[in-house]
Amino acid sequence: MDTVLEKLKEGILRFQSEVYPEQAETYRKAAREPQRPAALFVTCADSRIDPELITQTGPGELFVTRNIGNLVPAYGEMMGGVSAVVEYAVSALKVKHIAVCGHSDCGAMKALQHPESLEQMATVKRWMRNAEAALSVADSLAVPDEKPSERLQRLTEENVLLQVQHLRTHPSVAGAVAREELTLSGWIYDIGTGEVRISENGERTFRSVSKESSKA
Ligand SMILES: [Zn+2]
């Protein structure tokens, strides 16, 4: 017996018997109408991140794309899934916001610091090139006697800022931002504490989301 698949099937049955009935009308409404998500959420494939849970959003609210390292290749660099998602989200779905969300303890960021760990994974290694500039920036800002955890945190932040910059190279994004129909932000999600820090309005600083800050 395939125990992993069996466990997933048990989850489906629990969803159908416990979760769905409570929100049946929400799901029926979502099925009746075309999707109109207000935001595109770009995050890491890391299994510990749950975008809908941390933002408390439901069906139809977030257009999500995930990949190793929450990367957005600059326009023309690697035309593929991510570029298509960005173009579709902005041009067809007309999302009003794009958030790039990095996270604590990111394996992709650690691999960037230790490229030798990717020697046996040519595809991942090539993909991580989209984050190389973040490593140079983070290294150039390094201070003496810094803890490895601080270095990793800075790299994670610089990577998010870099991917937000890459977003701006996509014609659909550049146009919508210029028309003030689209805004961008960079997030850092701390898996262990639940804290989310956000860089908005093009700032380099990530500020913790608190009741005070969200009122302002
Ligand atoms: Zn990650």
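The values are calculated or read from the model by the stated rules, or taken from the named source; none is laboratory data. A quick note: this is a predicted structure, and the numbers were derived from the prediction, not measured. Cβ coordinates were reconstructed from backbone atoms using ideal geometry, including for glycine residues, and neighbour counts include every protein chain displayed. Surface accessibility is based on the protein's heavy atoms, side chains included, excluding ligands, DNA and RNA. Shrake-Rupley method; radii C 1.70, N 1.55, O 1.52, S 1.80 Å.
The trypsin sites (Lys or Arg not before Pro) of the range 128-197 that meet both conditions, a loop assignment by DSSP and at most 13 other Cβ atoms within 10 Å of the site Cβ, are Arg179.
Note on exposure: His114, His166, His97, His103 ranked by accessible area (1.4 Å probe, complete protein assembly) read His114, His97, His166, His103, with the most exposed listed first. Label zone of Glu77 (point 7 Å out along Cα→Cβ, amide N under 17 Å): in the range 27-44 this covers 42-44. Find which of Ser17, Ser47, Phe63 sits farthest along the positive direction of the dipole of the range 1-78, computed with +1 on the beta-carbon of Lys and Arg, -1 on that of Asp and Glu, about the Cα centre. It is Phe63. Placing unit charges on the Cβ atoms of the charged side chains and taking the dipole of the chain about its Cα centre, the candidate lying farthest along the positive direction among Met121, Ile191, Ala84 is Ala84.
Residue-normalised convex hull volume from the C-alpha trace of the range 73-216: 134 Å³ per residue. For the range 1-120, report the translational diffusion coefficient in µm²/s to the nearest whole number, using Stokes-Einstein at 25 °C, 0.890 mPa s, and a Kirkwood Rh over Cα pairs. It diffuses with D of about 145 µm²/s by this estimate.
Pairs Lys9/Lys96; Lys94/Lys211; Lys29/Lys125; Lys125/Lys147; Lys9/Lys125: which exceed 32 Å Cα-Cα? With Cα atoms farther than 32 Å apart: Lys9/Lys96; Lys29/Lys125; Lys9/Lys125.
Sparsely packed loop sites in the range 97-143 (the GluC sites (Glu not before Pro) outside DSSP H, G, I, E and B with at most 15 other Cβ atoms within 10 Å) comprise Glu119.
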